[in-house]
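Asker: Got a structure for you, written out below as structure tokens; questions coming shortly.
The values are calculated or read from the model by the stated rules, or taken from the named source; none is laboratory data. If you're wondering where the values come from, they're calculated on a predicted model, not measured in any experiment. So basically every Cβ, Gly included, is an ideal-geometry build from the backbone, and we count neighbours across all protein chains shown. What goes into the accessible areas is simple: the full protein's heavy atoms, side chains included, and nothing from ligands, DNA or RNA. Shrake-Rupley method; radii C 1.70, N 1.55, O 1.52, S 1.80 Å.
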Amino acid sequence: MFDLHSSALTSYQVLIVGVGGACATLLLLRMLPSKPQGPGPDRIGRKAQNIRNDTLIPLLHEHMIPMEKIEQDYPAFTSIVRVLIGIVPRCDAYLEIWPTAFKSYNLIVPNLMNVPFNQLNVGPGWGKGSALAGLATFVVSRAAECSYCSAHTCSFALRRGASKKALLKGMYENGLKPLSEAEEAVIAVARSLGRIPCELTQDERLRLLDAVGEETAQSVVLSMCAMGYLNKVMDSLGVELEEETYLETKSVIAEDYANSKAGSMLDSKAGAVAPPGKDSLWQRLSMVPHVPGALMLDGKYTSGVPSSWPAVGAYLKAHVGYDFPVLSELNTATLLGQRAVRAIATVLRDNLDGASSVVSLPVKGMAAVVFTHVVGAERPLAGDACALAAVLGVTPAHIRACQSLAAAP
């Protein structure tokens, strides 16, 4: 099982978030086509004059991929996500501008969140584990201050069976009545992992293990890691929150996201609608027809990529020049562990492919050094980032310059 007794938990989360940061940066810097693929304004019901100029969205909105095309090209993925959060999210139209970003998103999220098994209540902890994972995704997103993801994960958590009381406790540290020991432990770990720098303590790790056991703890923490990736990508881009999600979570979330970075398309005067309830058996089963297609595409993406250590380290060493030893911390005796390792390795391979890179591998290496130092990564992963940068062609002088920049940005 993932070693929650060691510093690897923090390192693993930072690795996933770092991949997310790389995807966001590359999406922005990609050399976009000279001719947009269609009219920019209102391609998905958005007016250009409402776009905020303090986000990265103005650089991307003219090149958004129509949602109709995304649903046509990825019917299984989009059908499942519609069950999970009620909509196909707007972020898809931005990520598919650079297909590697959309592919990375469709690898990290379902594999680390154990979709669809956990949501069908057949994952670790059964239904209880699904509700705890939902709560975890919300709290880590709130701690990371990503309004877009906080609203989506509020909807996601309610649909998985998390209580409004638990979500409220996840938003406030003091002044509320205690929850169950499992809920309290999940909230503490999620809150600490979501902050920069990371504040996770050994006591919080052990409390989570004692409260839910190793298998459920692994499932919950990997869900947090997936959200760490999404929080950084969505918030750095400034993706606009969808009205449907805004209205159905407005009465639960204690602040109005129409006034946030993600709220440029929202009307704060619009009335809230009833929050979603816990999935019925029929709603859960509605995912089943789409599972084969989703697993087939996932298998195509990850074909030939090992799912365990040391084979996955040797694979990455051969393909990108570095073995990422932090992956050895995940016990792949579980299906979830195997899914996570294979997905992460595929994303690393794709994002560190020199033939398809636009910004160049040395730039990615320098970004890794800066990122791991800014977020306060513990020594093993910060050292790994420097070693990776050297493999990618960054000189020692430039590595030291990146460390200095991170220390005083």
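Asker: In region 120-170, what residues are within 19 Å of Leu222 (Cβ to Cβ), outside any helix (DSSP H, G or I) and not polar (S, T, N, Q)?
Answerer: Listed by number, the residues that qualify are Leu120, Val122, Gly123, Pro124, Gly125, Ala144, Cys146, Gly161, Ala162.
Asker: While we're here: From (1) without any contact (Cβ under 8 Å) to a residue 60 or more places away in the chain; (2) part of a helix (DSSP H, G or I), pick out the condition that doesn't hold for Asp323.
Answerer: (2)
Asker: Give the residues of region 89-104 that are open to solvent by 20 Å² or more (accessible area, probe 1.4 Å) and either within 17 Å of Thr153 (Cα to Cα) or not in a helix (DSSP H, G or I) (or both), sorted by residue number. Give the derivation first.
Answerer: Taking region 89-104 as the starting set, the residues that turn out to be open to solvent by 20 Å² or more (accessible area, probe 1.4 Å) are 90, 96, 98-100, 103.
Correct list: Arg90, Glu96, Trp98.
Asker: Next up: Looking at Ala270, is it at pLDDT 95 or above and either buried (at least 24 other Cβ atoms within 10 Å of the Cβ) or not acidic (Asp, Glu) (or both)? Reasoning before the result, please.
Answerer: On the way: at pLDDT 95 or above: no; either buried (at least 24 other Cβ atoms within 10 Å of the Cβ) or not acidic (Asp, Glu) (or both): yes.
When the stated conditions are applied, Ala270 does not pass them.
Asker: Same structure again: Given the condition out of contact with any helix residue (DSSP H, G or I) (no Cβ under 8 Å at 6 or more places or on another chain), surrounded by fewer than 23 Cβ atoms within 10 Å (Cβ to Cβ) and among the small types (Gly, Ala, Ser), answer yes or no: does some residue in region 78-86 qualify? Walk me through it before giving the result.
Answerer: Our first condition is that a residue be out of contact with any helix residue (DSSP H, G or I) (no Cβ under 8 Å at 6 or more places or on another chain); within region 78-86, this holds for 81-82.
Restricting the remaining residues to those that are surrounded by fewer than 23 Cβ atoms within 10 Å (Cβ to Cβ) gives 82.
From the residues that got through so far, the ones that are among the small types (Gly, Ala, Ser) too are none.
Among the residues of region 78-86, not one is out of contact with any helix residue (DSSP H, G or I) (no Cβ under 8 Å at 6 or more places or on another chain), surrounded by fewer than 23 Cβ atoms within 10 Å (Cβ to Cβ) and among the small types (Gly, Ala, Ser), which makes the answer no.
Asker: Among the residues of region 389-404, which ones are in contact with a helix residue (DSSP H, G or I) (Cβ under 7 Å, 6 or more places away or on another chain) and within 10 Å of Leu361 (Cα to Cα)?
Answerer: Ala389, Leu392, Gly393, Val394
Residues checked against (1) over 30 Å from Thr395 (Cβ atoms); (2) touching a residue at least 40 places away in the same chain (Cβ under 8 Å):
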{"residue": "Asp267", "(1), (2)": "yes, no"}
{"residue": "Gly293", "(1), (2)": "yes, yes"}
{"residue": "Ala345", "(1), (2)": "no, yes"}
{"residue": "Val363", "(1), (2)": "no, no"}
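Asker: List the residue pairs whose Cβ atoms are under 8 Å apart, where the first residue sits in region 120-131 and is open to solvent by less than 40 Å² (accessible area, probe 1.4 Å) and polar (S, T, N, Q), the second is modelled with pLDDT of 85 or more and not in a helix (DSSP H, G or I), and the two are 6 or more positions apart or on different chains.
Answerer: Pairs found: Ser130/Asn118; Ser130/Gln119; Ser130/Asn121; Ser130/Gly161.
Asker: Specify the residue that is farthest from the chain's Cα centre (by Cα); the eligible residues are those in region 363-409 that are surrounded by fewer than 20 Cβ atoms within 10 Å (Cβ to Cβ) and not in a helix (DSSP H, G or I).
Answerer: If we take residues in region 363-409 being surrounded by fewer than 20 Cβ atoms within 10 Å (Cβ to Cβ) and not in a helix (DSSP H, G or I), then Thr395 is farthest from the chain's Cα centre (by Cα).
Asker: Looking at (1) among the aromatic types (Phe, Trp, Tyr); (2) modelled with pLDDT under 95; (3) within 22 Å of the chain's Cα centre (by Cα), which one does Tyr172 not meet, given that it meets all the others?
Answerer: Tallying (1) among the aromatic types (Phe, Trp, Tyr); (2) modelled with pLDDT under 95; (3) within 22 Å of the chain's Cα centre (by Cα), Tyr172 fails exactly one: (3).
Asker: Okay, moving on. What number of residues in region 138-162 are open to solvent by 10 Å² or more (accessible area, probe 1.4 Å), of a type in the set (Phe, Trp, Tyr) and over 25 Å from Ser280 (Cα atoms)?
Answerer: The total comes to 0.
Asker: Being touching a residue at least 24 places away in the same chain (Cβ under 8 Å) and not in a helix (DSSP H, G or I) is the filter here; which residues of region 298-317 pass it? Lay out the reasoning, then the answer.
Answerer: Of all residues in region 298-317, those touching a residue at least 24 places away in the same chain (Cβ under 8 Å) come to 298, 301-302, 305-309, 312, 315-316.
Hits for region 298-317 are Val305, Pro306, Ser307, Ser308, Trp309.
Asker: Under 6 Å between Cβ atoms, at least 6 apart or on separate chains: pull out the pairs that start in region 71-87 with a residue that is over 16 Å from Leu285 (Cα atoms) and end on any residue that is open to solvent by less than 40 Å² (accessible area, probe 1.4 Å).
Answerer: What qualifies is Glu71/Thr78; Ile87/Glu242.
Asker: Within the group Leu206, Leu222, which residue is open to solvent by 30 Å² or more (accessible area, probe 1.4 Å), assigned to a helix (DSSP H, G or I), modelled with pLDDT of 95 or more and among the aliphatic types (A, V, I, L, M)?
Answerer: Working: Leu222 fails: open to solvent by 30 Å² or more (accessible area, probe 1.4 Å).
Only one candidate passes the filter, namely Leu206.
Asker: Which residue out of Asp353, Asp323 is buried (at least 18 other Cβ atoms within 10 Å of the Cβ) and more than 22 Å from Ser223 (Cβ to Cβ)? Step through it out loud before you land on a result.
Answerer: Details: Asp353 fails: buried (at least 18 other Cβ atoms within 10 Å of the Cβ).
Testing whether each residue is buried (at least 18 other Cβ atoms within 10 Å of the Cβ) and more than 22 Å from Ser223 (Cβ to Cβ) leaves just Asp323.
Asker: Would you say Leu200 is in contact (Cβ under 8 Å) with a residue 12 or more places away in the chain, open to solvent by 10 Å² or more (accessible area, probe 1.4 Å), outside any helix (DSSP H, G or I) and within 22 Å of Pro124 (Cα to Cα)?
Answerer: The answer is no for Leu200.
Asker: For the subset of region 228-252 comprising residues that are within 28 Å of Thr334 (Cβ to Cβ) and open to solvent by 10 Å² or more (accessible area, probe 1.4 Å), which member is modelled with the lowest pLDDT? Outline the logic, then answer.
Answerer: Kept after step one, since they are within 28 Å of Thr334 (Cβ to Cβ), are these residues of region 228-252: 228-233.
This time we only want the ones that are open to solvent by 10 Å² or more (accessible area, probe 1.4 Å), so: 230, 232.
Details: Leu230: 96, Lys232: 91.
Residue satisfying both the conditions and the ranking: Lys232.
Asker: Report whether or not Lys165 is open to solvent by 10 Å² or more (accessible area, probe 1.4 Å), without any contact (Cβ under 8 Å) to a residue 24 or more places away in the chain and over 18 Å from Glu215 (Cβ atoms). Even if it seems obvious, please write down each step before you answer.
Answerer: Values: open to solvent by 10 Å² or more (accessible area, probe 1.4 Å): yes; without any contact (Cβ under 8 Å) to a residue 24 or more places away in the chain: yes; over 18 Å from Glu215 (Cβ atoms): yes.
Judged against the criteria, Lys165 is a match.
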